[in-house]
Amino acid sequence: MRQAMYGLVLYVFLMLPPVANLAESVMTIHMHMQMPLFVIAGMLMTPFLKQQFPRFFAKWNSNGVPGIILFMIVVIYWMIPRTMDEALTIQAIEIFKFISLPFLAGVPLRDSWKKIRLVGKNIIFVTLSVICGFMAWLYIFSPEQLCNNYLIVEQITLGWAFLFLALSIMIYFVQQFFVDRSECE
Amino acid sequence: MIKNKHNNLAIIIVLLFGVALFYVGTDGFQAYTAETARTTKLIDEKPSFPKVTLEDSQERMYPFSEFEGKYVMLTFIYTSCTDVCLQLEVNLAEVYDQIPEEYIGEDIAFLSISFDPTRDTPEVLDKYRSYFESDGETWRMARIPNQEELDSLLDDFGVIVIPDGEGNFVHNSAFYLVDREGNLADVMDYTKIDEAAEKVTSILDAEATQRISSIPDTETGE
């Protein structure tokens with residue numbers, strides 16, 4: 001259960017006001033570091049939660065589909081420019097971010113990933129890549145400032161980071177067709 | 001089978017949660033940025049213009065109630081701005097030109113308010129005014145010397161100004177229309193010049209025809 005401890009420590013650390021403020025002061029770090037770290041914190045805590053409530057996960061997420069849909073919904077929600085702004089200006093939205101990313105995205109992702117079939121995984125890779133690509137296009141080429149709390153320069157930087165992410169996911173997705181895993185192991 | 005039942009139910013619950021989350025989060029799939037959410041809210045709430053004292057490019061000091069009885073087309077600017085303010089004012093000048101002349105000064109006034117009162121003195125504003133051929137009378141440029149009053153106005157009208165530490169500000173821009181009673185009537189996209197001009201003209205036209213039609217009525221009544 002060391003993993004769960006690390007997850008908990010990471011989770012609490014990320015929520016410390018100075019850490020949260022620092023992470024949120026730069027748009028790219030907010031979106032591409034703080035938010036994913038919250039998801040990772042949730043993922044680290046998953047085995048512990050599954051041990052505590054084994055029946056819940058088996059009963060409500062037996063084939064992994066509900067969990068993965070929940071993960072996608074939460075992740076897409078946090079990509080909307082407005083939610084980033086509101087996380088900074090509205091306390092309740094900030095708290096919702098702290099709860100939703102680890103427990104409604106991280107936990108269901110880890111629980112579902114082993115359960116869903118390969119075709120499901122592929123759908124997720126492609127969808128995520130396409131969404132990130134769209135976000136890249138949106139943030140790079142938007143003529144207007146999308147977030148009131150961030151400069152337009154930061155918005156463009158974030159766009160490029162999204163493009164990088166989209167390409168990375170795509171490369172990972174494509175490589176599995178060419179690399180024979182069994183040889184490596 | 002029972003297992004699957006719960007699983008399917010979970011899918012439905014998750015999807016419903018998603019729809020609800022996005023519905024609430026975007027004001028019914030309307031506002032995807034905080035800026036659109038802000039304008040929708042402003043138009044709904046119609047805040048009244050707070051009590052502030054303006055100092056214009058001719059060094060005249062007066063409260064905003066100076067404009068009572070007229071519509072006021074507002075923009076928020078600072079003169080050291082190198083990008084969006086210039087465009088904002090160029091566009092405002094075009095709206096000014098498109099409004100029928102008989103309304104200008106009578107039914108509607110134009111006002112550009114600076115949110116950088118330390119640098120935008122009346123002299124600076126006077127120079128800036130001349131770039132856009134504003135006459136300083138029917139289209140005035142003014143600062144609000146009292147910082148507290150300025151902040152209350154920016155706050156009420158949802159203008160977010162972020163200093164970038166190098167003497168510049170990042171801010172959101174729009175045309176604000178304040179009605180004759182001093183309440184915010186509309187917030188318009190400053191990039192859609194024709195649309196804004198048409199909207200303002202149609203409001204003024206409608207009021208003018210109303211006035212004309214009401215005059216014979218009173219005359220026949222006499």
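The values are calculated or read from the model by the stated rules, or taken from the named source; none is laboratory data. Quick caveat: nothing in here was measured; it's all calculated off a predicted structure. Heads up, the Cβs are rebuilt from the backbone with ideal geometry, glycines too, and the neighbour counts pull from every protein chain shown.
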A:Y150 being touching a residue at least 24 places away in the same chain (Cβ under 8 Å), surrounded by 15 or more Cβ atoms within 10 Å (Cβ to Cβ) and hydroxyl-bearing (S, T, Y): yes
Which listed residue, of B:L184, B:L153, B:L204, is part of a strand (DSSP E or B) and farther than 16 Å from B:C85 by Cβ: B:L184
Considering residues of the stretch A:69-106 that are without any contact (Cβ under 8 Å) to a residue 12 or more places away in the chain and not in a helix (DSSP H, G or I) only, the residue nearest to A:F162 (Cα to Cα): A:I80
Test result for A:I69, within 14 Å of chain B (Cβ to nearest Cβ) and more than 23 Å from B:N172 (Cβ to Cβ): yes
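Taking the stretch A:42-68 as the region of interest, how many residues are among the polar types (S, T, N, Q) and part of a helix (DSSP H, G or I)? Steps first, answer last, please.
Of all residues in the stretch A:42-68, those among the polar types (S, T, N, Q) come to A:46, A:51-52, A:61-63.
Add one more test, that the residue is part of a helix (DSSP H, G or I), and what stays is A:46, A:51-52.
Final tally of qualifying residues: 3.
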Selection within the stretch B:98-124 - part of a helix (DSSP H, G or I) and under 16 Å from B:N146 (Cβ atoms): B:P122
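Being modelled with pLDDT of 90 or more and within 30 Å of A:I69 (Cβ to Cβ) narrows it down to one residue among B:F110, B:F22; which is it? Working first, answer last.
Values: B:F110 fails: within 30 Å of A:I69 (Cβ to Cβ).
The unique qualifying residue is B:F22.
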Candidates A:T83, A:T89, filtered to the one that is within 24 Å of A:N149 (Cβ to Cβ), within 14 Å of another protein chain (Cβ to nearest Cβ) and buried (at least 17 other Cβ atoms within 10 Å of the Cβ): A:T83
Answer residue from the stretch B:1-51, given it is small (G, A, S) and more than 8 Å from chain A (Cβ to nearest Cβ) and is surrounded by the most Cβ atoms within 10 Å (Cβ to Cβ) among those: B:S48
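Please indicate, with yes or no, whether at least one residue in the stretch B:188-210 is at pLDDT 75 or above and in contact with a Gly (Cβ under 6 Å, 6 or more places away or on another chain).
No.
If I filter the stretch B:151-172 for residues that are over 16 Å from B:Y78 (Cα atoms), within 14 Å of chain A (Cβ to nearest Cβ) and crowded, with 18+ Cβ neighbours inside 10 Å, do I get at least one hit? Break it down into steps so the answer makes sense when it comes.
Start the filter on the stretch B:151-172 by keeping residues that are over 16 Å from B:Y78 (Cα atoms), which leaves B:152, B:155-158.
Next, from what is left, pick out any that are within 14 Å of chain A (Cβ to nearest Cβ): B:155, B:157-158.
Among the residues that remain, those that are also crowded, with 18+ Cβ neighbours inside 10 Å are: B:157-158.
Yes, the stretch B:151-172 contains a residue that is over 16 Å from B:Y78 (Cα atoms), within 14 Å of chain A (Cβ to nearest Cβ) and crowded, with 18+ Cβ neighbours inside 10 Å.
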Top-ranked residue in the stretch A:143-185 [being assigned to a loop (DSSP other than H, G, I, E, B) and farther than 18 Å from B:T33 by Cα; ranked as nearest to the other protein chains (Cβ to nearest Cβ)]: A:Q176
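For every residue, the table says whether it meets (1) within 13 Å of chain B (Cβ to nearest Cβ); (2) in contact with a helix residue (DSSP H, G or I) (Cβ under 7 Å, 6 or more places away or on another chain); (3) buried (at least 19 other Cβ atoms within 10 Å of the Cβ).
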position	(1), (2), (3)
A:Q34	no, yes, yes
A:R55	yes, no, no
A:N63	yes, yes, no
A:I73	yes, yes, yes
A:E94	no, yes, no
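Between B:L42, B:L54, which is in contact with a strand residue (DSSP E or B) (Cβ under 7 Å, 6 or more places away or on another chain) and assigned to a strand (DSSP E or B)? Quick ask: steps written out before the conclusion?
Numbers: B:L42 fails: assigned to a strand (DSSP E or B).
Among B:L42, B:L54, only B:L54 is in contact with a strand residue (DSSP E or B) (Cβ under 7 Å, 6 or more places away or on another chain) and assigned to a strand (DSSP E or B).
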Residue count, the stretch B:82-108 (criterion: of a type outside the set (S, T, N, Q), more than 16 Å from B:E133 (Cβ to Cβ) and surrounded by fewer than 21 Cβ atoms within 10 Å (Cβ to Cβ)): 7
Candidates A:F13, A:F38, filtered to the one that is surrounded by fewer than 20 Cβ atoms within 10 Å (Cβ to Cβ), among the aromatic types (F, W, Y) and more than 14 Å from every other protein chain (Cβ to nearest Cβ): A:F13
The lone exception for A:K115 - which of (1) under 16 Å from B:I11 (Cα atoms); (2) assigned to a helix (DSSP H, G or I) it fails: (2)
